[in-house]
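Everything on this sheet refers to the single structure shown next.
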Amino acid sequence: MMAAINDLSLKSTFSSKNEAIKKVRQWMDICKKIESQETTAVEKIYSVMLNTSAEIAPDYPFIQLVREFETRDEQRYLIHLLTNLSYPENMPQDPFFLKEECSYICAWATEGVVISVESAPLFGDPVLEGTVKQERILIKNISNQEHIRLYEGFLGIRHYEANKKHGKKPYTDAAGRYVDAMDLSDMEAQELLNRAVEIDGKIYGKRNGQYYSFQRHHDNYYHGYQNDNLGLHIRNKIDAECWE
């Protein structure tokens, strides 16, 4: 699924430098979440060339914000977002119009999500309503943590919930059924679930040479267990991924 920086949200200006710093930091946190392993449905974030010399507050160019962040990691990450993201292929010929402004990358991302700096009230909405070729278009918009929660399923965010029937060791239950073990802590299981791969509609992972299956028991919540009964073609597909 495609995610793109909403260039329209970077054309508005804030009333003060402090407000700009606050909202850009919020935007950076959203981008970090989208780029993390947790959003399994998102390949990466795309962007067009941004005008970093444009004012984001009165007499204050966007690029000067880099100096306002205390750590090198924050400074590097902001520069990464402004200059190092991939440019989309097959950009559409017709732009997305929002109010009186237009954006080609927003038109490109109509089936995915756009990530906005909350520089105006409309960029705080979870959906941007505009037009492409005079046709009404709705685009999923993410500019704060509430939007992340709203679109968890669409972004491929998975939550691990242990099932108490899967203990540290396998056993046979009262009905004579073999129950696989789950030897990972909740934190280890969540980390593996974030990296797990979907094969034929099922979720698998591998840790320290052991194969695991994850089953969704409601919404985007999963439990997991060891699985030593996978077919060779499934194991080969799992092994093709980098786990260690």
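The values are calculated or read from the model by the stated rules, or taken from the named source; none is laboratory data. For clarity, every value in this text was computed on a predicted model and none was experimentally measured. Every residue, glycine among them, receives a Cβ derived from its backbone with ideal geometry; neighbour counts consider all protein chains shown. These accessible areas exclude ligands, DNA and RNA; they are computed on the full protein's heavy atoms, side chains included. Shrake-Rupley method; radii C 1.70, N 1.55, O 1.52, S 1.80 Å.
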| request: Compare HIS233, HIS223, HIS217, HIS80 by solvent-accessible area with a 1.4 Å probe and give them largest first, with all protein chains kept in place. | output: HIS233, HIS217, HIS80, HIS223
| query | Taking Cα centroids, how far is the stretch 86-155 from the stretch 1-38 in Å? | reply | 13
| remark: Expected vector for the stretch 196-211, Karplus 3J(HN,Hα) from phi with 6.51, -1.76, 1.60 and θ = phi - 60°, integer Hz, x for Gly and Pro, equals 5, 10, 9, 10, 6, x, 10, 9, 9, x, 8, 9, 6, x, 9, 8
| field | Summed residue charge, Cβ within 12 Å of ASN51's Cβ, Lys/Arg positive, Asp/Glu negative | value | -1
| field | Electrostatic dipole magnitude of the stretch 98-243 [Cβ: Lys, Arg +1; Asp, Glu -1; Cα centre; debye, to 20] | value | 580
| Taking Cα pairs under 8 Å and at least six residues apart, what relative contact order does the stretch 12-116 come out at, in percent? | 26
| Accessible surface of the chain [probe 1.4 Å, protein heavy atoms]: carbon and sulfur percent | 45
| task | Taking the Cβ of HIS223 as the centre, find all other residues whose Cβ is under 12 Å away and add up their charges (Lys, Arg: +1; Asp, Glu: -1). | result | +1
| request: Determine ³J(HN,Hα), in whole Hz, for all residues of the stretch 36-50 in sequence, where each value follows from phi through the Karplus function 6.51 cos²θ - 1.76 cosθ + 1.60 and θ = phi - 60°; x replaces Gly and Pro. | output: 6, 5, 5, 8, 5, 8, 9, 6, 5, 9, 10, 7, 8, 5, 9
| query | Kirkwood hydrodynamic radius (Cα pairs, Å) of the stretch 149-199? | reply | 12.9
| query | Can you give the relative contact order of the chain as a percent, counting alpha carbon pairs under 8 Å and 6+ residues apart? | reply | 18
| task | Would you please name the trypsin sites (Lys or Arg not before Pro) within the stretch 52-140 that are DSSP coil residues with at most 16 other C-beta atoms within 10 Å of their C-beta? | result | LYS99, LYS133
| field | Coarse-grained scattering of the stretch 122-244 at q = 0.16, 0.21, 0.22 Å⁻¹, given as base-10 log I(q)/I(0) from a Debye sum over alpha-carbon atoms | value | -0.83, -1.17, -1.24
| task | Name the residues whose placed amide hydrogens come within less than 5 Å of the amide hydrogen of TYR46, ignoring near sequence neighbours (fewer than 5 apart) on the same chain. | result | ALA3, ALA4, ILE5
| query | So what does log10 I(q)/I(0) come out to for the stretch 6-109 at q = 0.12, 0.19, 0.21 Å⁻¹, using the Debye formula with one equal point on every Cα and no solvent? | reply | -0.44, -1.08, -1.26
| note | Going residue by residue through the stretch 8-18, the Karplus relation 6.51 cos²θ - 1.76 cosθ + 1.60 with θ = phi - 60° gives ³J(HN,Hα) values, rounded to whole Hz and with x marking Gly or Pro, of 5, 6, 9, 9, 7, 10, 8, 6, 8, 5, 4
| task | With the Cα gyration tensor of the stretch 73-172 in hand, convert its eigenvalues to equivalent ellipsoid semi-axes via √(5λ) and list them largest first in whole Å. | result | 36, 18, 15
| remark: Any residue on another chain or 5+ positions along whose placed amide H is under 5 Å from the amide H of GLY167 is listed here as MET182
| field | Surface accessible to a 1.4 Å probe, per residue, for the residues of the chain, Å² | value | 56
| About its Cα centre, how strong a charge dipole does the stretch 18-106 have in debye, to the nearest 20, once Lys and Arg get +1 and Asp and Glu get -1 at the Cβ? | 220
